[in-house]
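Step one of this worksheet: look at the structure below.
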Amino acid sequence: MAPKVGPRIDNRPPLMFVENVLKTSKMVRDVERQWTIVRENKELLKRINQIYRTKGFLNVNYNYRVHQSLNSAARGRKARTIERQNQALLKRLLRRKATVDSNLPRERKIYHCCHPTADNRPRMALDFWERTDRRLCRLVIDLCPGVSFGEITLGRGKLFRIYDGTLVVIRAGYASSDEDLRDAYGTLSHVVRGTFVKQVVDGREYFLITLRTIGTIVDGKLLGGVVPSSMEKLDLINSYGSKFGRCKEPIYFDRIKP
């Protein structure tokens, strides 16, 4: 029978592992770091050598080419054509003489309105309405000698522009192609307030009623003038205008024969 063994104390030294003595993970990191340094040094030597041989311009791919579309040349030609057309249009606009010139010259020919002096002079009236349901006023216009009622190609429509303190513009149709504009139209100077003028701009007819004395109207024809009894109604029409001609409310007109 084996003797009984009592409790004992383990006083043997611990086991020695290679990882605890040599620290292999640290050795691996050191070797990798050394290889990285060696590789970077080689790249640095290559670049220094290239600098001495080529005098700079590193990291440049000389074989790189920008991708160009097949129709880029056509688009470039079209863009240059549009640019030339825009420049030509700008020159035309800059050479264009102002249609309305309020600067009065020192020597001027005065065009007076054809105010009524005889009972047989033809007349025309324009009724103005706000939003087609509120009647504003009626302007009675005396036509100049030689101007007939049928020559005024106006019927019923909407006012085109009311320039505050300057003009009332009524846009009509296009001028007839066989009409000699050089003989029928000219430059009007010192056009007084209340004058009824016909103007042709780019082949289209416009009828103007002056709200103040205007220095020059180009390509215009004197048709008549507002009678003195209707002069106060011009202020009412002017109150619906603005600086750039846009009406504050829709204003409609109707031509009638008084």
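Values quoted throughout were computed directly from the atomic coordinates according to the rules given, and no laboratory measurement underlies them. Predicted, not measured: the structure shown is a model, and the values here were computed from it. Cβ: placed from backbone, ideal geometry, glycine included. Neighbour counts: every protein chain shown.
Could you pull out the pairs from K91/K233; K91/K158; K78/K248; K198/K233; K91/K198; K198/K248 whose alpha carbons sit more than 31 Å apart here?
K91/K233; K91/K158; K78/K248, as the Cα separations exceed 31 Å there.
When you count, for each residue, the other Cβ atoms within 10 Å and take the mean per peptide, how do 188-198, 34-44, 129-139 rank with the highest first? List each step's numbers first, then the result.
On the way: 188-198: 21.1, 34-44: 9.8, 129-139: 13.7.
For the peptides 188-198, 34-44, 129-139, the packing ranking is 188-198, 129-139, 34-44.
Taking the highest mean first, how do the peptides 144-157, 229-242 order by number of other beta carbon atoms within 10 angstrom per residue? Provide the component values of the computation, followed by the final result.
Details: 144-157: 12.6, 229-242: 15.4.
Highest to lowest by the protection proxy: 229-242, 144-157.
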